[in-house]
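Inspection log for the structure reproduced underneath, given as structure tokens.
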Amino acid sequence: MRSAQRRALVGLLTVTALTLAACSSGGDSGGDPNAPVTLTINVFGDNFSLPADRSLYDEYERTHTNVKIVENRSDFGAHHQNLQARLTAGSGTADLEVIEVGQIAGYVGQPDKFVNYLDQGVDAGQWTPAIVARASTADHKALIGLPTDIGGLAMCYRTDLFAQAGLPTNRDEVSALWRTWQAYVDTGNRFLSRAPANVKWFDAGGHVFTGVLGNEKETFYDGAGELIVERNPAVRAAWDLTVGAIKAGQSAALPEFTPEWNTGFQQGQFATVTCPAWMMGYIRSNAAQTAGKWDIATIPGGSGNWGGSYVTVPSQGKNTAAAVELAKWLTAPEQNVKIFKTIGNFPSQKSTWTMPEVADFVSDFFANAPAGKIFPASLANAPAQVVGPQSGIIGQTFSDALNSVEQGTDPNTAWTNAMNDIKAATGTG
């Protein structure tokens, strides 16, 4: 999940200060598997639980009576920045650390700082080769993260707002409105011509930009690991289309995972949102009163992916054996299915995709949308995207740049600023 939950650039002073606060659990089991142990897990969102529901952790504690699990949540950017600072310092990590798919490449080059799951009896064949490769070293001798979920990609939309604007509400008819991303923007102009007062077409330009690139194999890096963001025509095309939609007044200009964004969901300030599977849980937990007003349509282009995460065990921890067992359990098919049904994170385990609990799953919150079929279909022809060490930071840089356009910055200036920030972040300037 992915996904969410995120500001990727955090001040150095904040990071430095936070590294002083140790997050790892104290004590060592001394080799006794039954000794009491507290396992801490650092997450950046609804990776395994909703804020008010720790049922999955409770289930593990019932069958492992000596284990107590403590979850710590932080902002996406702060989470990853702090993890790197603590790895560098050699202390302070949690027993388990979740890393988002766009960030994992930046940690794969530090395999000595994580437990190698291939030495822990893990069968990597449970997942697709592409999913495993992202968390594996180049020689495939080390696997530092177990996949938790995969995003898939769809479009969530408000049926009540569509009806008020004279657009169809049936999900098949809605899907037919936007076979391409340009058609999506064109439909947005139709919506705005009859939309309720103060309602926009989408939440933020960064989400449209990410969705457009969701079906591209190479975006910010090529297969050889070279940074190609500035000269990749697919990136520029996604930028130009998104800027055009912003200039047409389609964006609510609500940066993701902010209080204003949450309010936008709650008050119906936008009609559509680019929607990986994990977004279902986010909408449900932050705008419960909108149940039944949402539905899910096909993503423009028909396929794509956004998000996914890995759970790692830093080698500096004092309870690595117990942490590995918890990581295995959290990413097992049975737990994958439970998380999908309660949160919406689409399971990464191949064996789950045809299970009736997944394939036949419908979401009552989203007007009984067949989520168990929509998200696998979006993944069927989606390419295995190339990600690089700074993919997450680059993506956030574009989101910030598009938000500046929404606030009035000239698009060409915003593009230039983004390129400069990317060069600085990647050391290529």
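Tabulated data for the structure shown
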| read-out | value |
| --- | --- |
| Boolean, T274 is out of contact with any strand residue (DSSP E or B) (no Cβ under 8 Å at 6 or more places or on another chain) and at pLDDT 95 or above | no |
| Segment 270-301, subset in contact with a helix residue (DSSP H, G or I) (Cβ under 7 Å, 6 or more places away or on another chain) and assigned to a loop (DSSP other than H, G, I, E, B), residue nearest to G151 (Cα to Cα) | I299 |
| In segment 219-251, residue nearest to F209 (Cα to Cα) [restricted to those that are in contact with an Asp or Glu (Cβ under 9 Å, 6 or more places away or on another chain) and either among the basic types (K, R) or outside any loop (DSSP other than H, G, I, E, B) (or both)] | A238 |
| Criterion: modelled with pLDDT under 95 and part of a loop (DSSP other than H, G, I, E, B) - qualifying residue of A22, A17 | A22 |
| Residue match in segment 140-152 (condition: surrounded by fewer than 20 Cβ atoms within 10 Å (Cβ to Cβ), over 24 Å from the mean Cα position of the chain (by Cα) and within 27 Å of K350 (Cα to Cα)) | yes |
| Among the candidates A367, A322, A414, A418, residue that is surrounded by 15 or more Cβ atoms within 10 Å (Cβ to Cβ), at pLDDT 95 or above and in a loop (DSSP other than H, G, I, E, B) | A367 |
| Test: residue in segment 201-216 that is assigned to a strand (DSSP E or B), on the phi < 0 side of the Ramachandran plot, buried (at least 24 other Cβ atoms within 10 Å of the Cβ) and under 27 Å from the mean Cα position of the chain (by Cα) | yes |
| Among the candidates A248, A252, residue that is of a type in the set (G, A, S), surrounded by 14 or more Cβ atoms within 10 Å (Cβ to Cβ) and more than 24 Å from P276 (Cβ to Cβ) | A248 |
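The values are calculated or read from the model by the stated rules, or taken from the named source; none is laboratory data. In this text the structure is predicted, and so the values were computed from the model without any measurement. Cβ atoms come from the backbone with ideal geometry, glycine included; neighbour counts cover every protein chain shown.
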